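Read through the structure below, which is laid out as structure tokens, and then see the notes.
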Amino acid sequence: MNNSIALKSILTKEIQRFMRIWVQTLVPPAITISLYFVIFGSLIGSRIGEMGGFDYMSFIVPGLIMMSVITNSYSNVASSFFSAKWQRNVEEMLVAPVPNWVIVAGYVGGGMCRGMLVGLIVTLVSLLFVDIQLHNIWVIIATVVLTSATFALGGLINAIFANSFDDISIIPTFILTPLTYLGGVFYSISLLPEFWQGVSQANPIVYMVNAFRYGFLGISDVSLVTAFAVIIFFIVTLFTIAMVLISKGIGLRT
Amino acid sequence: MTYALEISALKKTYKGGFQALKGIDLTVSQGDFFALLGPNGAGKSTAIGVITSLVNKTAGQVKVFGYDIDTDLEKAKSFIGLVPQEFNFSQFEPLMNILVNQAGYYGVTKSVAIERAEKYLKQLELWDKRDAPARTLSGGMKRRLMIARALMHEPKMLILDEPTAGVDIELRRSMWSFLRELNQQGITIILTTHYLEEAEMLCRNIAIIDGGEIVENTSMKKLLAQLDVETFIFDIKEGTAVSKLEQFVKQSSVITYRLIDDHTLEMDLNKAQNLNQVFEQLSVANIEVQSMRNKSNRLEALFVSLINKKSSARQTKPQSAVVGAN
């Protein structure tokens with residue numbers, strides 16, 4: 001059995017899915033990000049002054065791109081896998097000799113593609129508002145790839161447990177959005193009181209946003225090594241959880 | 001010879017305690033056209049679910065072409081094509097994508113998959129709809145799409161769970177001839193259906209499952225030979241006097257006739273009797289027959305009697321009732 005063909009099939013299906021509904025999947029992030037730039041960048045940002053040695057608009061660009069990557073890689077897998085469960089077309093894969101790791105990799109790969117494509121679109125939109133500088137392109141690429149993988153895995157686990165469409169919006173609404181907003185997208189955590197700086201360090205998104213910002217601006221509130229260690233830890237943990245759940249057939253087999 | 005399917009002591013108890021399968025044993029030979037029949041909730045879909053790994057079994061063993069699903073699941077899966085009872089494809093994807101992706105899950109390259117998709121879509125008269133989203137198909141077309149999808153990896157065994165449910169008679173007949181062709185090509189076919197006429201026409205061997213147990217497992221021929229009595233209906237030629245028919249019914253011995261209405265005679269024929277005797281008697285009485293038919297499907301009569309026998313046996317056994325979804 002050629003697993004690479006099966007993997008390619010799942011990946012192609014996933015990419016075709018979000019491309020088919022591009023108005024729902026690719027356009028909204030571009031509009032949202034434009035609004036963020038207009039409101040937080042131009043209108044409010046001009047009164048804030050510098051942050052971390054950069055004008056506010058330049059400071060928030062990496063965080064806003066990362067926010068789009070996180071949201072889209074998560075929601076792509078959550079909604080796609082849950083829809084496959086709901087329409088029961090997930091059974092197409094379950095009856096076939098597709099190894100569980102291929103199913104996980106295919107869906108996660110699809111989520112990563114959407115997350116990174118949206119990240120690219122948002123970056124292009126950003127260029128309309130600000131000159132983006134690049135400090136280390138490899139850090140940027142590594143961070144965006146690993147972060148999109150982390151949240152795609154999170155979306156998959158969410159979809160495995162979900163029993164209704166409400167269940168795939170609870171985590172993004174009540175956990176993901178607060179963590180993102182408190183993850184240093186709009187501010188440097190060094191501005192927070194010491195206690196809240198400590199609390200922020202428990203937020204994994206802080207590490208992702210800061211590693212990404214380092215790639216653009218060369219500044220970060222956390223060390224790069226710690227940031228990548230945290231991201232990789234989450235990937236390994238979430239991948240293991242996803243594999244166990246699919247192997248046991250949780251939410252998939254009766 | 002290795003069986004296409006070998007099930008032994010298969011049990012399935014769902015969460016909540018409902019025992020859907022109570023230790024069934026079943027074998028299906030390679031190349032067979034096999035019917036798995038039973039009333040709703042009998043355990044047919046659970047059995048198919050276990051064979052195709054959509055349902056986790058509680059105990060027992062399942063082998064597909066000699067490969068145990070516990071130890072060689074991927075190999076076992078590669079032999080099976082499944083046409084499930086409910087539509088389970090993405091409603092938004094075009095037919096071509098559904099078929100090509102499905103083949104991909106079995107390791108079939110895209111170029112081969114496109115060729116096969118074209119072949120099956122044409123054979124099943126869906127070619128014109130190849131780029132249409134699946135949700136735009138009619139019920140019958142959706143059923144045919146699921147058959148095409150199940151064939152994309154050219155399985156050695158095809159399992160069809162009520163494939164003709166809700167399909168009109170013309171389409172049903174064309175699906176029967178398609179399935180017969182597949183079987184003639186050597187594909188083992190396992191069919192569950194509520195149309196017993198369908199099972200009688202297509203299948204060589206049969207198992208009847210009820211209450212999670214196999215109540216009959218034999219060849220169709222042997223099963224039908226169990227029939228003691230068949231009922232026939234004769235439509236009598238218009239203009240035949242009713243009094244003549246009444247007198248015929250009254251006078252007849254050995255074979256029992258009933259006058260249903262002014263032009264319809266019904267009679268029961270047991271194994272010791274034959275239709276020649278009937279026609280002889282009708283001929284002597286100068287009664288002309290316009291047409292003749294079986295009162296009910298022969299298999300249906302047996303099926304009902306077997307299920308009734310089983311349920312009355314259950315009622316005599318004092319046990320707690322269990323209710324659950326299958």
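The values are calculated or read from the model by the stated rules, or taken from the named source; none is laboratory data. Here the structure is a predicted model, which means the values were calculated and not measured. Here Cβ is always computed from backbone atoms with ideal geometry, including for glycine, and neighbour counts include all displayed protein chains.
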Just one listed residue, out of A:Leu11, A:Leu26, A:Leu35, is within 12 Å of another protein chain (Cβ to nearest Cβ) and aliphatic (A, V, I, L, M), and it is A:Leu11
Counting only helices (runs of 4 or more DSSP H) entirely within region B:132-204, those with at least 1 residues that are under 9 Å from the mean Cα position of the chain (by Cα) are B:196-202
Residues of region B:5-21 being surrounded by fewer than 16 Cβ atoms within 10 Å (Cβ to Cβ) and more than 19 Å from B:Ser53 (Cβ to Cβ), in sequence order, are B:Gly16, B:Gly17
From the option list A:Tyr74, A:Tyr56, single residue qualifying as touching a Gly at 6+ places or on another chain (Cβ under 9 Å), closer than 22 Å to A:Thr177 by Cβ and at pLDDT 90 or above is A:Tyr74
Regarding A:Val77, is this residue in contact with a helix residue (DSSP H, G or I) (Cβ under 6 Å, 6 or more places away or on another chain), aliphatic (A, V, I, L, M) and assigned to a loop (DSSP other than H, G, I, E, B)?
no
Note: among A:Ile44, A:Ile70, just one is under 19 Å from A:Thr123 (Cβ atoms) and more than 14 Å from chain B (Cβ to nearest Cβ), namely A:Ile70
Within region B:74-89, restricting to residues that are free of Cβ contacts under 8 Å to residues at least 60 places away in the same chain and surrounded by 23 or more Cβ atoms within 10 Å (Cβ to Cβ), the one that is farthest from the other protein chains (Cβ to nearest Cβ) is B:Ala76
For helices (runs of 4 or more DSSP H) lying entirely in region A:89-200, having 2 or more residues that are more than 17 Å from A:Pro62 (Cβ to Cβ), aromatic (Phe, Trp, Tyr) and within 14 Å of chain B (Cβ to nearest Cβ) picks out A:100-126
Given (1) more than 18 Å from the chain's Cα centre (by Cα); (2) touching a residue at least 24 places away in the same chain (Cβ under 8 Å); (3) assigned to a helix (DSSP H, G or I); (4) away from chain B (no Cβ under 14 Å), A:Ile219 misses just (3)
By residue number, the members of region B:19-42 that are outside any strand (DSSP E or B) and either at pLDDT 90 or above or among the β-branched types (Val, Ile, Thr) (or both) are B:Ser29, B:Gln30, B:Gly31, B:Asp32
Reported set for region B:52-106 where residues are in a strand (DSSP E or B), farther than 21 Å from A:Asn2 by Cα and under 25 Å from the mean Cα position of the chain (by Cα) is B:Gly60, B:Gln61, B:Val62, B:Lys63, B:Val83
In the set B:Lys271, B:Lys317, B:Lys310, the lone residue that is modelled with pLDDT under 85 and surrounded by 15 or more Cβ atoms within 10 Å (Cβ to Cβ) is B:Lys310
Of (1) in contact with an Asp or Glu (Cβ under 8 Å, 6 or more places away or on another chain); (2) within 20 Å of B:Met157 (Cβ to Cβ); (3) facing chain A (nearest Cβ under 8 Å), B:Val108 fails just (1)
A:Leu192 passes all but one of the listed conditions (1) more than 26 Å from A:Thr123 (Cα to Cα); (2) surrounded by 22 or more Cβ atoms within 10 Å (Cβ to Cβ); the exception is number (2)
Scanning region A:13-51 residue by residue, those free of Cβ contacts under 8 Å to residues at least 60 places away in the same chain, in contact with a Leu (Cβ under 9 Å, 6 or more places away or on another chain) and farther than 15 Å from A:Val185 by Cα turn out to be A:Met19
When region B:109-123 is checked residue by residue, the ones that are buried (at least 22 other Cβ atoms within 10 Å of the Cβ) and over 22 Å from B:Ser174 (Cα atoms) are B:Ala113
Pairs returned, first residue in region B:271-294 that is in a loop (DSSP other than H, G, I, E, B), second residue that is charged (D, E, K, R), beta-carbon separation under 6 angstrom, 6 or more apart or interchain, are B:Glu288/B:Lys237
request  = Answer yes if at least one residue in region B:141-148 is more than 12 Å from every other protein chain (Cβ to nearest Cβ), closer than 22 Å to A:Arg17 by Cα and of a type in the set (Lys, Arg), and no otherwise.
outcome  = yes
B:Ile51 meets each of (1) within 8 Å of chain A (Cβ to nearest Cβ); (2) touching a residue at least 24 places away in the same chain (Cβ under 8 Å); (3) not hydroxyl-bearing (Ser, Thr, Tyr) with one exception, condition (1)
Among A:Ile246, A:Ile205, A:Ile235, the single one that is at pLDDT 95 or above and in contact with a helix residue (DSSP H, G or I) (Cβ under 6 Å, 6 or more places away or on another chain) is A:Ile235
query = Quick check, is B:Gly239 in contact with a Gly (Cβ under 8 Å, 6 or more places away or on another chain), surrounded by fewer than 16 Cβ atoms within 10 Å (Cβ to Cβ) and assigned to a loop (DSSP other than H, G, I, E, B)?
reply = no
